[in-house]
Structure formats: C-alpha cells, structure tokens
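Okay, so here's the structure we're looking at.
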Amino acid sequence: MRYPFEVVRDPAAMRALAASRRADGLRVCVVPTMGALHEGHLSLLRIGRALADVLILTVFVNPIQFGPGEDLGRYPRTEARDLAAARAAGVDIAYCPEAAAMYGPDFQTRIEVTELAKPLCGASRPGHFAGVTTVVTKLFHVTLPQVAVFGQKDYQQLAIIRRLVADLDFGIDIICAPIVREADGLAMSSRNAYLDPNERAQAVSLSRGLGLAKDAFAGGQRDGAALCAIAAREIAKAPLAELEYLEIRDADSLAPVSLITGPVVMAVAARFSGARLIDNVVLTP
Ligand code: AMP
C-alpha cells in the first residue's frame, strides 16, 4: 500500500516515520541530494522507486562539505519546485531538515574515510568528503534504508560511500546510477547553472575529451598517459576551462594506473570562472 506524500523536517520525526515503515515490513530506499533537482536526480529516484516500497528523497545543502570560499551561500535552492518534482517522481517522503536541526552549536563529530578521500577532488577540497560521509551517516541513521542510490557522476563520492558502508557495517545496498547528460554530452549538474553562455559552450569539452579517450581505449589503447593526452588535447580547446586534474585510477581503490589491465575510471575536474565541474568515464578492458 502507498502512504500520502509527506515532507519531514525534524530528524526525530523522520526516524520515527522510517522505523514505523520498517516495522510494517516495507523496504526503504533513500536518495540523498542537495536539491535543485534535474534529470540526473530524477533518474536516481526512478531507480529507487523500482527497488523499494518506500522511497525517501533527502534535500539538504550540507554546510560542512563546503570549504571556505566555495559556493555554499549561492548554491541553488529551489525547494518548492523540488517537492513538486519529487511527488511526480513517486517519492513517498521528502526529508528536508534545517541546518540547525542537523548541526547544533556543539556539533563536533566527523566520519572520515581516509585513503579514498585523498586524491582527485579530495586534494583540492580538504574536509569535503568528511563532510559528505558525516552527513550521509546522519541521513542513513534517520531514514533507516535497506538500499540507497548514488550517481556515478560523483565517482569518488560513490567509492567513498561504498567503503564507509562496508567498513562500518551499515548493511545498506549502495546502487550506482549512470551519468545523465545534456544533449551535447555535458554531465548534468546543479552547478551548470553558474556557467555563462561562453562557458556553457566550452564545458562540453570535458565529456568530449573523455569520449575521445574512451574511443581510443575501445580501439585498443591501454596506456594511461596516452589516453589522458587525448582527452587533455580536447579540453585544451576550451580556454575558459582551467584543468584541475585529469587522471586514470583503479576503479575500486582509486590507486594511480599507468598500464590498464583491469577496470579504471578516467576522472576530470575543471574550473570555469563561476563553476567547478567534474565528469568521468569507467573503462573496462
Ligand atoms: P547532488 O545534489 O549534486 O549532491 O547530487 C545528489 C546525487 O545525484 C548524487 O548521488 C549525485 O551523484 C547524483 N547526480 C548528480 N548529477 C547527476 C547526473 N548528471 N547523473 C546521475 N546522477 C547524478
């Protein structure tokens, strides 16, 4: 049976509601987001809807995963639109806590996955992934899911959350949802809204570069440096993009890989004046 759509803001109320659904024998899925929902988020909700009886969307712009000088203050907040989209996507419960309810004045705990959080985005965003794993732990503790859906778009985040769940015995299935892209290939992101028209036109260089490297890989190229050079050449055609990293790493451990013999991820991050964008492709021999 389906229950009416509910918006919950209080952590204790969320936990009580989730516990009561679990006590009814229902399977609970959570899809954590920071809101400003786009097709990428909606694809996660569709996957979650098919996996569970009770689908919980969380919308929370998590202050502790933003560094000083990052975009916390201007991150898009579109709650009314998000709730309408959630309802249309078959969400049962939208959990939208206030920051004050999540982090009281004495809050001082961090959950940290150490090694996986060091390279790639971790190198330029100190404390970011500890903020993510801490909030995801809190969201899991009140939504009580058996299954959670995360996007491949944030590949390192997904790897870190899998590690968190395994290391701390959460007993939650973590499902990876494929990257949803705009018609020209740009990975959908709430931060794409920060791009001006020139930057938007050049942002497609990231997915194009990854795509060219993927083609070369399909053609038999197994040398990581050669594949990175192919992608870098394409991205260099976008002068407004300042490349932060472009690397090939083991798909599970995120250790650097030069000669590809097993599954790897090719991951890229680039800064435009208003936005930092990431993208990736998994290459499996
Ligand atoms: P965010 O709201 O950006 O924190 O993202 C919430 C979830 O949606 C994360 O698991 C992201 O990986 C996922 N996500 C964001 N953009 C996309 C996309 N373009 N395709 C698939 N999943 C996405």
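Tabulated values for the structure
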{"quantity": "Conditions (1) touching a Ser or Thr at 6+ places or on another chain (Cβ under 9 Å); (2) away from the ligand (no atom under 12 Å from the Cβ); (3) closer than 23 Å to residue 77 by Cα; (4) open to solvent by 70 Å² or more (accessible area, probe 1.4 Å): number failed by residue 181", "calculated": "(2)"}
{"quantity": "Tally, over the stretch 169-199, of residues that are in a strand (DSSP E or B), touching a helix residue (DSSP H, G or I) at 6+ places or on another chain (Cβ under 6 Å) and under 16 Å from residue 280 (Cα atoms)", "calculated": "3"}
{"quantity": "The stretch 186-199, residues that are more than 11 Å from the ligand (Cβ to nearest atom), touching a residue at least 12 places away in the same chain (Cβ under 8 Å) and of a type outside the set (A, V, I, L, M, F, W, C)", "calculated": "194, 196, 198, 199"}
{"quantity": "Residue check for residue 216: away from the ligand (no atom under 14 Å from the Cβ), assigned to a helix (DSSP H, G or I), under 26 Å from residue 227 (Cβ atoms) and in contact with a helix residue (DSSP H, G or I) (Cβ under 7 Å, 6 or more places away or on another chain)", "calculated": "yes"}
{"quantity": "Options 21, 27; residue that is surrounded by 18 or more Cβ atoms within 10 Å (Cβ to Cβ), more than 21 Å from residue 135 (Cα to Cα) and away from the ligand (no atom under 16 Å from the Cβ)", "calculated": "21"}
{"quantity": "Failed condition for residue 119, given (1) touching a Pro at 6+ places or on another chain (Cβ under 9 Å); (2) closer than 17 Å to residue 254 by Cα; (3) not in a loop (DSSP other than H, G, I, E, B)", "calculated": "(3)"}
{"quantity": "Failed item in (1) among the β-branched types (Val, Ile, Thr); (2) open to solvent by less than 20 Å² (accessible area, probe 1.4 Å); (3) within 13 Å of the ligand (Cβ to nearest atom), with residue 91 passing the rest", "calculated": "(3)"}
{"quantity": "Residue among 212, 243, 259, 254 that alone is under 24 Å from residue 75 (Cβ atoms) and modelled with pLDDT of 95 or more", "calculated": "243"}
{"quantity": "Filter pass, residue 189 being polar (S, T, N, Q) and either open to solvent by 40 Å² or more (accessible area, probe 1.4 Å) or more than 24 Å from residue 94 (Cα to Cα) (or both)", "calculated": "no"}
{"quantity": "Odd one out for residue 175, checked against (1) over 29 Å from residue 77 (Cβ atoms); (2) in contact (Cβ under 8 Å) with a residue 12 or more places away in the chain; (3) surrounded by fewer than 20 Cβ atoms within 10 Å (Cβ to Cβ); (4) under 23 Å from the mean Cα position of the chain (by Cα)", "calculated": "(1)"}
{"quantity": "Filter result (more than 15 Å from the ligand (Cβ to nearest atom), in contact (Cβ under 8 Å) with a residue 24 or more places away in the chain and open to solvent by 40 Å² or more (accessible area, probe 1.4 Å)) within the stretch 50-88", "calculated": "53, 87"}
{"quantity": "Residues of the stretch 143-152 classified as within 10 Å of the ligand (Cβ to nearest atom), assigned to a helix (DSSP H, G or I) and touching a helix residue (DSSP H, G or I) at 6+ places or on another chain (Cβ under 6 Å), total", "calculated": "0"}
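The values are calculated or read from the model by the stated rules, or taken from the named source; none is laboratory data. Because the structure is a prediction, the values reported are computed rather than measured. All Cβ positions, glycine included, derive from the backbone under ideal geometry; neighbour counts span all protein chains shown. Just the protein is used for accessible areas: all its heavy atoms, side chains included, with ligands, DNA and RNA removed. Shrake-Rupley method; radii C 1.70, N 1.55, O 1.52, S 1.80 Å.
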